[in-house]
Amino acid sequence: MNAVSNILDGQQGDTPRPAFAAFMCDEMSSQILHPLVVERGWSADMVFAGGIAAGVRMLGGMACPEFMIVDLSESTDPRADMQSLADVCEAGTVVLAVGTINDVTLYRDLMNAGVHDYLVKPLSADMLNEAIIMAQEAMMVTEVDEEPEDTTPGERAVFIGVRGGVGTSTLVSNVAWLMAERNEKTVLLDLDLYFGTSAMQFDLEPGRGLSDALENPDRVDGLFLERAVVKPHANLAILGSEAPVGSLQEPVNGSLQQLVGSLAENFKNVVVDVPRQMVGNHSDLLSAAKDIVLVTDYSLTAARDCIRLLAHIKQVSPNASVHVVASNTTATPQEVEQKDFENSIEHETDVTIPSDLKTLMASGQRSKLVVDDAATSKLALAYKDVLSAISAVDEDAEADNGWFSKLFKKSA
């Protein structure tokens, strides 16, 4: 424990990060690891007992190692414990996890959370050595390949459900996934603070950082986001909340705009799922958006509210491209025919989402999105049509730069 004391005592100012630390649960695994640590010139004193729980406790007061091995064997909730570890880790830390659970879903979840690899016990020296070599190579590639990123702020696409139950959050999640699949760094911001479902769409629990981000939007940077978001895809981050009802205050004026602006500095695409009741008090969300998507059905109430929202958007965001997406139009009898609906709101329906509960349920049971699980279904094709609608670009620019790179082309 002297190594820990030394680190804690020296944790002032710009303390260099240690190269390595391990938090193991059993003596046998520690004995296998020790010679591999020593031969690399790392300190054997940096192999600690207590598993991931000890790691979370100790990292709260010590410099975060560049490379960590954490043992999940005694964890009752590996996913939650890994999230707790992420909360105290620095960005860029390479984490190798080991444990006793041999489960493909757990492996996938850990990989999506950013873990470099997961080894199932019992460990062998060869297995562990190979995993460490691969982790070291990953660290070297990261250092060598670091290049200045495109600093052009990402643009925003805002989705608003005109009525509840029209599938807005499902649409948003599928569109965001399609963006990520195009190798575009994308963030999905779910502003339904109490009942948001964006993380649930991916069978994940939302990160715990959205409430902090709203209270202190100036804190939002790359390091903060590493801890605050959950990642179902290497290119897709979700910032959401399932806060206890009544526990949060209404975001102060300007905080949402500042939050979205900070996200745009870190992501190519910012997709915002905005509850309709927030639109009136937070028009700043709309003012900077390139694309605004209204998701509606063909009801009298929806027609009335579309008219009101379109008028509001014209006033606060006159340069935005507005798209009307009709969803859930066949699940219940239509109160208004499509042509009459379009005439009343003075806007055509850009895309119609078919009602396909069977496909939705089948994909949901497999914890997948429709565009990933049933990519050729009519439902998936409709979601892709929405992406195409909000990514329309000049053909000459498309030829020069690729159509997806212009998805959120900045307005003049």
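Consider T93 carefully, then state whether it is touching a Lys or Arg at 6+ places or on another chain (Cβ under 9 Å) and either under 20 Å from M28 (Cα atoms) or in the same structural domain as H34 (by TED's automatic domain parsing) (or both). Yes: the conditions hold for T93.
Being under 20 Å from N235 (Cα atoms) and either in contact (Cβ under 8 Å) with a residue 24 or more places away in the chain or of a type in the set (A, V, I, L, M, F, W, C) (or both) is the filter here; which residues of the stretch 106-119 pass it? If the condition is that a residue be under 20 Å from N235 (Cα atoms) and either in contact (Cβ under 8 Å) with a residue 24 or more places away in the chain or of a type in the set (A, V, I, L, M, F, W, C) (or both), then L106, D109, L110, M111, N112, A113, G114, V115 are the ones that fit. Regarding L214, is this residue of a type outside the set (G, A, S) and modelled with pLDDT of 85 or more? Here the answer is no, as L214 does not meet what is asked. Do the conditions hold for D71, that is, is it within 23 Å of the chain's Cα centre (by Cα), outside the structural domain of D203 (by TED's automatic domain parsing) and surrounded by 18 or more Cβ atoms within 10 Å (Cβ to Cβ)? Criteria not met by D71.
Quick grid of which residues meet (1) outside the structural domain of L369 (by TED's automatic domain parsing); (2) within 13 Å of the chain's Cα centre (by Cα); (3) modelled with pLDDT of 90 or more:
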site: S169; (1), (2), (3): no, no, yes
site: V187; (1), (2), (3): no, yes, yes
site: L193; (1), (2), (3): no, no, no
site: T197; (1), (2), (3): no, yes, no
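Listed by position, the strands (runs of 3 or more DSSP E) enclosed by the stretch 234-330 that each have at least 3 residues that are within 21 Å of K384 (Cβ to Cβ), modelled with pLDDT of 90 or more and touching a helix residue (DSSP H, G or I) at 6+ places or on another chain (Cβ under 7 Å) are 269-274, 289-296, 321-327.
For the stretch 230-253, a tally of residues being out of contact with any Lys or Arg (no Cβ under 8 Å at 6 or more places or on another chain) and surrounded by fewer than 23 Cβ atoms within 10 Å (Cβ to Cβ) returns 15. Scanning the stretch 341-351 for residues being hydroxyl-bearing (S, T, Y) and surrounded by fewer than 16 Cβ atoms within 10 Å (Cβ to Cβ) gives a total of 1.
The values are calculated or read from the model by the stated rules, or taken from the named source; none is laboratory data. None of these values were measured; they are calculated from a predicted model. Virtual Cβ from ideal backbone geometry, glycine too; neighbours counted across all protein chains shown.
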